[in-house]
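Chemist: My questions will all concern the structure given below.
The values are calculated or read from the model by the stated rules, or taken from the named source; none is laboratory data. Predicted, not measured: the structure shown is a model, and the values here were computed from it. Cβ placement follows ideal geometry from the backbone for every residue including glycine, while neighbour counts extend to all protein chains displayed. We work out accessible area using only protein heavy atoms, side chains counted, and drop any ligands, DNA or RNA first. Shrake-Rupley method; radii C 1.70, N 1.55, O 1.52, S 1.80 Å.
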Amino acid sequence: MRETADVVVIGGGINGTSTAYHLSLRGLRRVVLVEKDHIASGPTGLSSGVVRQHYSHEVLAAMARDSIKFWETIGESIGGDAGFVQCGVIFFAPAHSEDAIKQAVAMHNRIGIREQLLTAQELRAMEPMLHADDIGFGAYEPDGGYADPALAANSFASAALAKGVDIRRKTRVTGINVDGQGVSGVVTDKGTIETRHVVNVAGPWGGAIAAMAGARIPVRASRHPVVMLHRPPAWSHETPVWADLVNGWYFKPDGKTGMMVGSLHDIADAVDADAYARVPTADEIAAYSEAIVKRFPIMEEGTVHGGWAGLYDVTPDWQPVIDRVPGIDGFYCAVGFSGHGFKIGPSIGKALSEIIVDGRCTTYDLGIFRYDRFGEHRSSRGAYEFGIVG
Ligand SMILES: Cc1cc2nc3c(=O)[nH]c(=O)nc-3n(C[C@H](O)[C@H](O)[C@H](O)COP(=O)(O)OP(=O)(O)OC[C@H]3O[C@@H](n4cnc5c(N)ncnc54)[C@H](O)[C@@H]3O)c2cc1C
């Protein structure tokens, strides 16, 4: 039987499920989401889930601001849950980064984000376990925190399903047909779906999907470990998420007794997205443990209890491509989130639905995410030393 769709979304991570949901909200009747494995089986399911609004690019801060509102009320708006814990987020930097951090906070306040500058002494008063001698300033956003990305993506998938989206798990895209009018179909291992609109939200596999349609996105899969530790009993009070721009680490609470450690460094070495080491090595565990002890000396008494490694889909400027692909009508991409694409999932889905249904995104200015920018040698890298901060 000939199968047709208004839109085929490739990828069942946070951005694919959000896009499918937002397209169904706009009244499209035949939206098909194709996922080679299960929902959130890619980087979304291995994400740290930090939800922060601190960005140097205004459009990213605005997307994060709007997404936080969504995460706060997800149960009322679409049903389900995102496991959002609003413990606050603190970015702190050395004294020489004062201007960058002050400019970011001023921009955030201007666009309605609650955030305040704090001195090292004030940070230490907030968290007595913090080693603050090398810190110049911090920026505290009380509305940030962390969420459960797999739960959030599955909530979007359930809401999309309830609105009639056809979700095909265990279905792998193997080709994209293009004719004189643009995309004409998606070939899968379960058959071909004829369509004039295809959205590539395939994360680290997004470059390969783009190539199937004749497009080129310079995105590579890079491996990023996280290490989980138990805190000692003396540190069992609530604490925010800490982003250490002095040494390049982040520390995320896990309830009142755990901490996760991840790196902010620009690790962009390419790995095979289908065959990479999924557990941290002994050396990585030692380095990540040392990093948390340096910042929170009490963690000398902490214990490692696990960890994993996931993939970032990294572009040369650590920003995604969110665009219709010029020259291939009906082909849209949101790929290359470079380790910071979970929190903004609700805004990405809305933006893509506007591009597809209205012809352009009206809620956000997506200029920094243009497909053409790499060919034009333009960079959308953020103002901070670490690309992921954006
Ligand atoms: C360790 C780690 C920590 C992170 N921490 C944070 C954080 O704290 N905050 C934050 O905002 N972001 C974070 N991120 C980044 C964030 O998780 C990702 O940017 C986001 O989840 C990407 O979602 P996505 O939907 O774009 O893509 P993905 O989650 O990559 O989903 C793409 C999907 O496409 C499917 N697919 C691929 N090829 C095919 C095919 N041929 N056919 C069918 N389906 C296909 C895959 O199976 C996959 O499920 C982190 C990522 C990692 C790995």
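Chemist: Among the listed residues Ile355, Ile344, which satisfies the condition of being open to solvent by less than 20 Å² (accessible area, probe 1.4 Å) and more than 15 Å from the ligand (Cβ to nearest atom)?
Modeler: On the way: Ile344 fails: more than 15 Å from the ligand (Cβ to nearest atom).
That would be Ile355, the only listed residue that is open to solvent by less than 20 Å² (accessible area, probe 1.4 Å) and more than 15 Å from the ligand (Cβ to nearest atom).
Chemist: Which one is farthest from the ligand (Cβ to nearest atom) among residues in the stretch 325-340 that are in contact with a strand residue (DSSP E or B) (Cβ under 8 Å, 6 or more places away or on another chain) and within 29 Å of Ile74 (Cα to Cα)? Even if it seems obvious, please write down each step before you answer.
Modeler: As a first pass, look at the stretch 325-340 and keep what is in contact with a strand residue (DSSP E or B) (Cβ under 8 Å, 6 or more places away or on another chain): 325, 328-339.
Next, from what is left, pick out any that are within 29 Å of Ile74 (Cα to Cα): 332-339.
Numbers: Tyr332: 13, Cys333: 10, Ala334: 6, Val335: 7, Gly336: 9, Phe337: 3, Ser338: 7, Gly339: 5 Å.
So the residue we want is Tyr332.
Chemist: To continue, here is another question. At least 2 residues that are under 21 Å from the mean Cα position of the chain (by Cα) and in contact (Cβ under 8 Å) with a residue 24 or more places away in the chain in each: list the helices (runs of 4 or more DSSP H) lying fully within the stretch 44-156 that qualify. Reasoning before the result, please.
Modeler: Values: elements: 58-72, 74-77, 98-110, 120-126.
In the stretch 44-156, the matching helices (runs of 4 or more DSSP H) lie at 58-72, 98-110.
Chemist: A further question follows. In the stretch 278-286, is there at least one residue being more than 15 Å from the chain's Cα centre (by Cα) and closer than 30 Å to Val8 by Cβ? Spell out the reasoning first.
Modeler: Here is the first cut: in the stretch 278-286, the residues more than 15 Å from the chain's Cα centre (by Cα) are 278-286.
Checking which are closer than 30 Å to Val8 by Cβ leaves us with 278.
Checked against the condition, which is being more than 15 Å from the chain's Cα centre (by Cα) and closer than 30 Å to Val8 by Cβ, the stretch 278-286 yields at least one hit.
Chemist: Restricting attention to the stretch 302-319, does a residue exist that is within 30 Å of Arg370 (Cα to Cα) and more than 16 Å from the ligand (Cβ to nearest atom)? Walk me through how you get there before you give the answer.
Modeler: Of the residues in the stretch 302-319, the ones within 30 Å of Arg370 (Cα to Cα) are 309-319.
With more than 16 Å from the ligand (Cβ to nearest atom) added as a condition, the list becomes 316.
Yes, that holds for at least one residue.
Chemist: Here is a check on your reading of the model: is Ala287 assigned to a loop (DSSP other than H, G, I, E, B), out of contact with any Gly (no Cβ under 7 Å at 6 or more places or on another chain) and either open to solvent by 30 Å² or more (accessible area, probe 1.4 Å) or without any contact (Cβ under 8 Å) to a residue 24 or more places away in the chain (or both)? Lay out the reasoning, then the answer.
Modeler: Working: assigned to a loop (DSSP other than H, G, I, E, B): no; out of contact with any Gly (no Cβ under 7 Å at 6 or more places or on another chain): yes; either open to solvent by 30 Å² or more (accessible area, probe 1.4 Å) or without any contact (Cβ under 8 Å) to a residue 24 or more places away in the chain (or both): yes.
Judged against the criteria, Ala287 is not a match.
Chemist: Related question: Residues His57, His96: which one is of a type outside the set (A, V, I, L, M, F, W, C) and open to solvent by less than 40 Å² (accessible area, probe 1.4 Å)?
Modeler: Working: His96 fails: open to solvent by less than 40 Å² (accessible area, probe 1.4 Å).
Testing whether each residue is of a type outside the set (A, V, I, L, M, F, W, C) and open to solvent by less than 40 Å² (accessible area, probe 1.4 Å) leaves just His57.
Chemist: Quick check on Val304: is it outside any loop (DSSP other than H, G, I, E, B), touching a Ser or Thr at 6+ places or on another chain (Cβ under 8 Å), at pLDDT 95 or above and among the β-branched types (Val, Ile, Thr)?
Modeler: On the way: outside any loop (DSSP other than H, G, I, E, B): yes; touching a Ser or Thr at 6+ places or on another chain (Cβ under 8 Å): yes; at pLDDT 95 or above: yes; among the β-branched types (Val, Ile, Thr): yes.
Here the answer is yes, as Val304 does meet what is asked.
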